[in-house]
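Have a look at the structure below before the remarks.
Each value in this text was obtained by applying a stated rule to the coordinates, not by laboratory testing. Keep in mind that this is a model prediction, so the values were computed, not measured. We place every Cβ from the backbone using ideal geometry, glycine too, and count neighbours over all the protein chains shown.
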Amino acid sequence: MKTWRALQWAHTVILRKLERELEAEGLPLSWFDVLIHLRERTAADRRGAYAVITPQGVAELDRVWPLHLAGIQTYFGTNVHDEDIPLLYRALSRVIAGVEGPGSTYAAD
């Protein structure tokens, strides 16, 4: 449970920092996530959907992406040792696969 709590807390504190940085640029993190995950139904089959983004959304992502990426590197990347990254990646990937099963929506790499 100690590891679970550490994972949760690391996620929480990093997201708080990223949220503050994006809000300072006028784009809350929740809006950033929405820009990345917009979907539009397909004309041929209403059960399907395409990810879409407006030209304004692309411009907004282009504007804030360097800041967001720098924050991830600062708060996560610089605090994880290079030798720990493959182990952490494998462990988290196994958790995702174990929970989501063979049809996992997680796209590795």
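Dividing the Cα radius of gyration by the Kirkwood radius, what Rg/Rh value follows for the stretch 2-100? Over the Cα atoms of the stretch 2-100, Rg/Rh equals 1.05. Across the chain, the longest run free of exposed loop sites, meaning trypsin sites (Lys or Arg not before Pro) lying outside DSSP classes H, G, I, E and B with no more than 11 other Cβ atoms within 10 Å, spans 48-109. Our estimate of slack between TRP65 and ILE85, defined as 0.36 nm per intervening residue step minus the Cα-Cα distance, is 4.9 nm. The spacing between the stretch 60-109 and the stretch 1-24, judged by their C-alpha centroids, is 13 Å. Across the chain, Cα pairs under 8 Å and at least six residues apart give a relative contact order of 21 percent. Okay, which of the stretch 63-81 sit inside 16 Å, backbone N to the point 7 Å along the Cα-Cβ direction of ALA24? Under 16 Å, as judged by backbone N against the label point of ALA24, lie 64-76 of the stretch 63-81.
For the chain, the mean residue ellipticity at 222 nm estimated from helices alone is -21500 deg cm²/dmol, where every DSSP H run of n ≥ 4 contributes -39500 (n - 2.57) and the total is divided by all residues, rounded to the nearest 500.
For an R0 of 30 angstrom, estimate the FRET efficiency from the Cβ-Cβ distance between LEU92 and ALA44 and round to the nearest 0.05.
Efficiency, rounded to the nearest 0.05: 0.25.
In plain terms, the chain is cut at each of the chymotrypsin sites (Phe, Trp or Tyr not before Pro) found in a DSSP loop with at most 16 other Cβ atoms within 10 Å, and the longest leftover piece is 1-75. Computed from point charges on the beta carbon alone (+1 for Lys and Arg, -1 for Asp and Glu), the dipole magnitude for the chain about its Cα centre is near 440 Debye.
A simple spin-label model places pseudo-atoms 7 Å from Cα toward Cβ; at THR105 and THR12 they are separated by 2.5 nm.
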